[in-house]
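The values are calculated or read from the model by the stated rules, or taken from the named source; none is laboratory data. Nothing here was measured: the structure is a model prediction, and the numbers come from that model. When we count neighbours, we look across all protein chains shown, and the Cβ atoms used for this are built from the backbone with ideal geometry, even at glycine. Side chains are part of the model used for accessible areas, which takes the heavy atoms of the whole protein and leaves out ligands, DNA and RNA. Shrake-Rupley method; radii C 1.70, N 1.55, O 1.52, S 1.80 Å.
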Amino acid sequence: MSVTHGKMGLSLTQEILSHLGLANKTAAWGTLGTLRTFLSFNVDKDVQRLLKAIAGQGVDCIAILDVLTNRSREQRQLISRAFHERTQQDLLKSLQAALSGNLERIVVTLLQPAAHLDARELRTALKGSGSAEDVALEILATRTPPQLQECLAVYKHNFQVDAAEDIKSETRGILRDLLLALAKGGREAYTGIIDYNLAAQDLQALKQAEGPSTERTWVLVFTQRNPEHLVRVLNQYQWYTGHEFEKTVRARFHGAACVALLNLASVIRNTPLYFADKLHQALQETEPNYQALMRILISRSETDLLSIRAEFRKKFGKSLYSSLQDAVKGDCRSALLALCRAEDL
């Protein structure tokens, strides 16, 4: 009795401490982006500046990036609409005609509405790049329910097919089941009430699901429960089994299914750290993965990029800003640095 009581007592103590103010710094920082609404926003001045930047003898890339990387996504959409009203020209097409290479790609990404960017990246991951367990899971697992709903609506409108149908045709096994479940957006919202009975039930279910033909249990638990609940379950799993949940995943699953479950566990445990790992991986390739860098820095710039920067510095001993400076070359370097914003000492 004493051993069991001791384990439960320690777990309860940790639970109480974790809910104290700022005890979980990642959660406390989670709404902090590097890009805020520009308080001195003047849409007419921005339109005139962009017109001047692309109408002269040489394209003023510095001016273009200064505008686009210092305005919120909503403000960029207002600029785009105002540009069309005043010139009868499409800002995106005008900039595409004036730019090229990675600089063109990042400008296109900056000007796209978030749901359109996510839909495009999701489609590419499912149909072309063989990265469903990576990029598709990233989008389906890290967007808020309203963001996900809008992304899937745009996906159907732009590609004339439900994302679920592409998931069914392009993936298989537990990876398919995970992505389909995430795409339904049925994850429970956190109510602030700790359900210890449900945590115990899920812990027991996962311990019993280490054998064959138990994939449905994994999918159900990891796509339906809220992240706060799942962190509790994962911590208790390690406490009672003596090893991390991820070790069981590596022994139980292989290939894309294993990668997807590990990625999902990473998202659940610490979303900023998950993105810090992805950025580090993108920078470690022989040629930086510019698409991943653009997607993550732009999509998280108004959400939690400060948290991501902190996790990056903590884990890798070097700031994200310095890492970008060292690895990224060419015209888009200044844009990525502008989104990152500053050095972390």
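Things to note:
- For the stretch 152-191, GluC sites (Glu not before Pro) meeting the loop criterion (DSSP other than H, G, I, E, B) and having at most 16 other Cβ atoms within 10 Å: Glu188.
- Translational diffusion of the stretch 197-289 was estimated from the Stokes-Einstein equation, with Rh taken as the Kirkwood radius over Cα pairs; at 10 °C and 1.306 mPa s the coefficient is 112 µm²/s.
- Taking each residue as 0.36 nm, the span from Ala63 to Gln88 lengthens on full extension beyond its C-alpha to C-alpha distance by 6.9 nm.
- The chain: most fluctuating residue of Ala251, Ala53, Ala136 per GNM, C-alpha cutoff 10 Å: Ala251
- Karplus-derived 3J(HN,Hα), 6.51/-1.76/1.60, for each residue of the stretch 88-101, Hz, glycine and proline x: 6, 10, 7, 4, 4, 5, 5, 6, 4, 5, 8, 10, 7, x
- Cα centroid of the stretch 331-345 to Cα centroid of the stretch 65-100, whole Å: 21 Å
- With the Kirkwood sum run over all distinct C-alpha pairs, the stretch 165-245 has a hydrodynamic radius of 13.6 Å.
- Share of carbon and sulfur in the accessible heavy-atom surface of the chain [1.4 Å probe, %]: 52 percent
- Structure remark: mean-square fluctuation, Gaussian network model of the chain, C-alpha springs under 10 Å; the largest value among Gln160, Gln75, Gln149 belongs to Gln160.
- Cut-off 13 Å, label 7 Å out along Cα→Cβ of Thr124, residues of the stretch 270-290 by amide N: 289-290
- At q = 0.11, 0.12, 0.24, 0.27 Å⁻¹, base-10 log of I(q)/I(0) for the stretch 273-342 (Debye sum, equal scatterers on each alpha carbon): -0.20, -0.24, -1.09, -1.45
- Expressed in units of 2.2 N^0.38 Å, where N is the residue count, the Cα radius of gyration of the stretch 43-111 is 0.97.
- Direction-averaged projected area, Cα convex hull, the stretch 114-269: 8.8 nm², rounded to one decimal.
- Crossing angle, helix 227-241 versus the chain [Cα axis fit, 0-90 degrees, rounded to tens]: 40 degrees
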